[in-house]
1. Looking at the stretch 176-206 only, could you name the residues that are in contact with a Ser or Thr (Cβ under 8 Å, 6 or more places away or on another chain), within 13 Å of the ligand (Cβ to nearest atom) and closer than 19 Å to HIS269 by Cβ?
2. Please enumerate the residues belonging to the stretch 30-50 that are assigned to a loop (DSSP other than H, G, I, E, B) and within 15 Å of the ligand (Cβ to nearest atom).
3. Does ARG53 satisfy being at pLDDT 95 or above, in contact with a helix residue (DSSP H, G or I) (Cβ under 7 Å, 6 or more places away or on another chain) and in a loop (DSSP other than H, G, I, E, B)?
4. I need the full set of residues from the stretch 1-18 which are more than 29 Å from LEU141 (Cα to Cα) and assigned to a loop (DSSP other than H, G, I, E, B), in order please.
5. Of all residues in the stretch 88-114, which are in a strand (DSSP E or B) and more than 19 Å from LEU149 (Cα to Cα)?
6. Can you name every residue in the stretch 56-75 that is out of contact with any helix residue (DSSP H, G or I) (no Cβ under 8 Å at 6 or more places or on another chain) and more than 24 Å from GLU106 (Cβ to Cβ)?
7. Please work out which one of (1) over 17 Å from ILE75 (Cβ atoms); (2) surrounded by fewer than 15 Cβ atoms within 10 Å (Cβ to Cβ); (3) touching a residue at least 40 places away in the same chain (Cβ under 8 Å) is the condition TYR41 fails and give its number.
8. Taking interchain pairs and intrachain pairs at least six residues apart, which have beta carbon atoms under 6 angstrom, with the first residue in the stretch 204-233 and closer than 18 Å to SER181 by Cα and the second within 15 Å of the ligand (Cβ to nearest atom) and in a helix (DSSP H, G or I)?
Amino acid sequence: MDNKIVYLNGEYLPLNEAKVSVLDRGFLFGDGVYEVIPAYYGKLFLFHEHLARLNNSLKLIQLPILYDEQQWLDILNPLLTEDQDQYIYLQITRGVVNKRDHAFPEEIQPTVFAMCSPITHFSERNKGVKAITLDDTRWELCHVKATTLLANILLRQKAVEQDCAEAILVKDNIVTEGAASNVFAVIDNILTTPPINNEILPGITRQLIIKLAKKHQIPVAERPITLNELLTANEIWLTSSTREILPVVELDKKPVGNGQPGQVWKTMHHLFQQAKKHTYER
Ligand code: PDD
């Protein structure tokens, strides 16, 4: 096992020494929230935005805001090394209880865990990936970045079993997002993505792409996308902190556009790489 140093409740420990009680509500109920924060050139990327989302997730599940931005940076920065693209996985649960009870305990001492891992998806990015569409079977709080991910993992697993990199989820004929990513489609030359609501996670990568598109005069729209629009789109992308912007070249066994990563993807991929560098140089 990779015995890297991880953070658990105020301590830095080798991974194999980091232990959590079986009475932790994260273990018992999946009662917690998390963040995945990329780091490039040894620096956390869009940390302010990730922290704002984390604090919103905490609020939505009625957990206290634990630390301010500087306190978090002091906790997380020692986990980073400078030599490669990495991400921090940060998880906060409602903590350890003395009996299993669905209702919250009166006293809350949240469990805080963080570790750093390399980002390793580069090989699939330039040639694109296959995806399938599936019914979105998840709950109504998809804007909370909750550790309770059973529906998401069952959906992703179905995609993997069909040799696909992701499941694109559809609810009542409207595209929501990927099992662990947001979705963009180029429709009538407009970069289009579903609007923010409780049916999708407000992706930080998504947010940056919209900002970059607006800044560089790429027409962009946040509006509902029908399944049929997705199936006939010129380009489809999946976006996330670990996969960045991943072109989908085959959907439900049919080619997307000409079956190659498209021109808008190439432009946005380039702008995204520049934005990564820019943070480093600041
Ligand atoms: N997931 N939607 C869902 C359901 C996700 O799980 C993710 C990311 C995103 C993209 O969000 P962002 O751009 O902020 O990473 C959208 C992370 C990477 C994960 O669960 O590992």
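The values are calculated or read from the model by the stated rules, or taken from the named source; none is laboratory data. Bear in mind that the values here come from a model prediction, so they are computed numbers and not experimental data. Cβ coordinates were reconstructed from backbone atoms using ideal geometry, including for glycine residues, and neighbour counts include every protein chain displayed.
1. Result: GLY178, SER181, ASN182, VAL183, PHE184, GLY203, ILE204, THR205, ARG206.
2. Answer for the stretch 30-50, where residues must be assigned to a loop (DSSP other than H, G, I, E, B) and within 15 Å of the ligand (Cβ to nearest atom): GLY30, PHE45, LEU46.
3. No, not satisfied.
4. Listed by number, the residues that qualify are MET1, ASP2, ASN3, LYS4, GLY10, ALA18.
5. VAL96
6. Residues satisfying the conditions are ASN56, ASP68, GLN70, GLN71, ASP74, ILE75.
7. Of (1) over 17 Å from ILE75 (Cβ atoms); (2) surrounded by fewer than 15 Cβ atoms within 10 Å (Cβ to Cβ); (3) touching a residue at least 40 places away in the same chain (Cβ under 8 Å), only one is false for TYR41: (2).
8. ILE204/GLU49; ILE204/HIS50
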